[in-house]
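Working notes for the structure below.
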Amino acid sequence: MKKLLLPLLALVLSATAASAQAGPGPGGRPQRTPEEMAARQTEGLTRQLGLSADQSAKVQQIMLARGQEMQAMRGQLQAGTADRQQLREQMLAGRTKYDDQLKAVLTPDQYTKYTAMQANRREHMRDMAAPQDGKVKAKDGKVKIKAKADE
């Protein structure tokens, strides 16, 4: 019985550790791989911009490279081996690089529509992050936003 208990305990502990490492991403959603994110982004851009099959394949490769680079930067940040400000600058440089690559693949009309979509997305994210005349409290890794009551 004791001989069986030790391997069983080791199996349970390793399974628990593995599930903890592959835990959910931001917002409690499961973390997607760069391949999954690239496929999803490409599908969305193909639908929204009316990409051809050739454009779609090129966009897929650009998004995959971008996702892999971002994943590596997140890994450095989580491991504590990189400076936050330096990573921010690298991410901004990467955005410019990948936008230039997309500009080469898309038609001028598609690129104009793409940049407008990105600007709307950034504005929406900024609006979501900023409290609207309320109070923000952060405690134990949780953020609470209390909206100001209308008078």
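If you check GLN68, GLN55, GLN31 for being closer than 20 Å to LYS113 by Cα and either among the polar types (S, T, N, Q) or modelled with pLDDT under 90 (or both), only one passes: GLN55. Only one entry of ALA22, ALA79 meets the criterion of being exposed (fewer than 12 other Cβ atoms within 10 Å of the Cβ), at pLDDT 80 or above and either at positive phi or not acidic (Asp, Glu) (or both), and that entry is ALA79. Going by the conditions given, is MET73 assigned to a helix (DSSP H, G or I) and either closer than 18 Å to ARG121 by Cα or touching a strand residue (DSSP E or B) at 6+ places or on another chain (Cβ under 7 Å) (or both)? When the stated conditions are applied, MET73 does not pass them.
In the stretch 63-98, the residue that is nearest to PRO34 (Cα to Cα) out of those that are of a type in the set (Gly, Ala, Ser) and touching a helix residue (DSSP H, G or I) at 6+ places or on another chain (Cβ under 8 Å) is GLY67.
Per-residue answers, yes or no, for (1) more than 20 Å from PRO108 (Cβ to Cβ); (2) assigned to a helix (DSSP H, G or I); (3) more than 16 Å from the chain's Cα centre (by Cα):
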position: GLN41; (1), (2), (3): yes, yes, no
position: GLN48; (1), (2), (3): no, yes, yes
position: LYS58; (1), (2), (3): no, yes, yes
position: GLN61; (1), (2), (3): yes, yes, yes
position: LEU64; (1), (2), (3): yes, yes, no
position: GLU69; (1), (2), (3): yes, yes, no
position: LEU77; (1), (2), (3): yes, yes, no
position: ALA82; (1), (2), (3): yes, no, yes
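Could you go through the stretch 94-106 and let me know if any residue there is closer than 23 Å to ALA119 by Cβ and among the small types (Gly, Ala, Ser). Yes, because at least one residue in the stretch 94-106 is closer than 23 Å to ALA119 by Cβ and among the small types (Gly, Ala, Ser).
The values are calculated or read from the model by the stated rules, or taken from the named source; none is laboratory data. Just so you know, these numbers come straight off a predicted model, no measurement behind them. Note that we place each Cβ from the backbone using ideal geometry, even for glycine, and neighbour counts take in every protein chain shown.
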